[in-house]
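What follows is a single structure, written as C-alpha cells, with notes after it.
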C-alpha cells in the first residue's frame, strides 16, 4: 500500500468518530491510490424518520469534515469535490490528495478532540455560556459552510412547543416507533445505535424536550435543569442535498470547537423531521434560511468535577462504532 493510500485510509477510519443521527453511521468510504470517496449507505438510512436523506447527508458531512481534519493533521493538502457525479447521488464527495505540506497544529488538536467528543443527553451545568464563546462557535460553523442562529427566550418557547408537537406526531406512527426501537436501547454490540447506557433513566428537566426513546435507559439523571442553556438552529440558504452535506461539515466543526471550549452540544432533530414543525423553525429564522438541525449549547461539567462522589454527573459513555473494515474499502492492492 502506498503512502498516499495509507494516509487516506487512516483519514477514513478516523471519520468513524463523527456524530450521526441515532448513531447510524450511514457512510462508507472507498480508498484509492490518490482519492478518497464518500458514499451514503442507504442500508443505514432512517427510512421513516428521514425519508429524504437530510439527516443522512448531514451525518455524512460530519464524517467528511472529520476526514479532512485528519488529512490536515497529517500534513497534506487536498481538493474536495462535493456531489461530483450527478449520475450517482450516493457519491457524496471525492477527496483528492494534492501534496504534502506543513502539519496544521490546530488540526492536530481537533484530531485529539474527536476522540473525546460525545453526546450527553442530560442537562448541562447552570453556568451560562459566555457570549463571546457562542460567537466563536458560530464563526467556525459559518466558515465550514453553514450558519447558526441563536434563539432568544421567546423563540425558545416556540421551539419547545414545536419539538413537543413533532414528537407527539411521530409517536402515533407505529412504523416510526418500530424504527426507533431498532436503533435505540440495549447493549448495541453490533456497533451502531444508541445504547441504553447513553439514554437517560428518566426524562431530564429541559426547556425543550429531548428525544423520547420510548423506553428509559440506564444513564443516571440529576435534579438539574437546563435553564442556562442556549438553543440554536443550524441552517443554510436552501434545502438541497449539497447544503445538507455542508451543514454536516459545519456541525462537526462547531461541535469540535465547542468541545475544546468546554461547551456541551446536544443535537435535537425531532422538529426538523416533521414538515409542519420544520416550517415553524423556518419562521424562527424569519424565512431567510432553511433549518437543518436544532442544537442545545451549555457549559459542560469539567473532567475534574466528574469524580465518583456524584454518579449523576459521571461522564456519559461514548456510543459504539462500527469496525473500520465494515465502512472502509481499500481498492489499491
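The values are calculated or read from the model by the stated rules, or taken from the named source; none is laboratory data. Remember, it's a predicted structure, so these values are computed and weren't measured experimentally. All Cβ positions, even for glycine, are placed from backbone atoms using ideal geometry, and neighbour counts span all protein chains on display.
Some points to look at:
- Among residues of region 118-138, those that are closer than 18 Å to residue 236 by Cα and surrounded by fewer than 13 Cβ atoms within 10 Å (Cβ to Cβ), counted: 1
- Every residue from region 297-324 that is modelled with pLDDT of 95 or more and over 16 Å from residue 118 (Cβ atoms): 322, 323, 324
- Criterion (in a loop (DSSP other than H, G, I, E, B), over 20 Å from the mean Cα position of the chain (by Cα) and outside the structural domain of residue 143 (by TED's automatic domain parsing)) met by exactly one of 85, 50: 85
- Residue match in region 213-225 (condition: crowded, with 19+ Cβ neighbours inside 10 Å and either under 21 Å from residue 279 (Cβ atoms) or out of contact with any helix residue (DSSP H, G or I) (no Cβ under 9 Å at 6 or more places or on another chain) (or both)): no
So that you can scan it fast, the table gives a plain yes or no per residue for (1) surrounded by 19 or more Cβ atoms within 10 Å (Cβ to Cβ); (2) over 22 Å from the mean Cα position of the chain (by Cα); (3) modelled with pLDDT of 95 or more; (4) under 24 Å from residue 190 (Cα atoms):
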residue	(1), (2), (3), (4)
18	yes, no, yes, yes
23	yes, no, yes, yes
29	yes, no, yes, yes
36	yes, no, yes, no
42	no, no, yes, yes
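- Residue pairs whose Cβ atoms lie under 6 Å apart, sitting 6 or more positions apart in sequence or on different chains, and linking a residue in region 81-103 that is on the phi > 0 side of the Ramachandran plot to a partner that is surrounded by 12 or more Cβ atoms within 10 Å (Cβ to Cβ) and modelled with pLDDT of 95 or more, are 83/242.
- Residue 10 meets each of the listed conditions (1) modelled with pLDDT under 95; (2) assigned to a helix (DSSP H, G or I) apart from (1).
- Residues being outside any strand (DSSP E or B) and in contact with a helix residue (DSSP H, G or I) (Cβ under 9 Å, 6 or more places away or on another chain) - total across region 94-104: 3
- Taking region 162-177 as the range and being in a helix (DSSP H, G or I) and in contact (Cβ under 8 Å) with a residue 24 or more places away in the chain as the test, the residues that pass are 162, 163, 164, 165, 166, 167, 169, 170, 171, 175, 176, 177.
- Residue 218 being more than 29 Å from residue 51 (Cα to Cα) and without any contact (Cβ under 8 Å) to a residue 60 or more places away in the chain: yes
- Residue check for residue 148: in a helix (DSSP H, G or I) and either touching a helix residue (DSSP H, G or I) at 6+ places or on another chain (Cβ under 6 Å) or within 17 Å of residue 282 (Cβ to Cβ) (or both): no
- Restricted to region 44-77, and to residues there that are surrounded by fewer than 20 Cβ atoms within 10 Å (Cβ to Cβ) and touching a strand residue (DSSP E or B) at 6+ places or on another chain (Cβ under 8 Å), the residue that is nearest to residue 3 (Cα to Cα) is 75.
- Out of 253, 187, 229, one residue alone is surrounded by fewer than 17 Cβ atoms within 10 Å (Cβ to Cβ) and at negative phi. It is 187.
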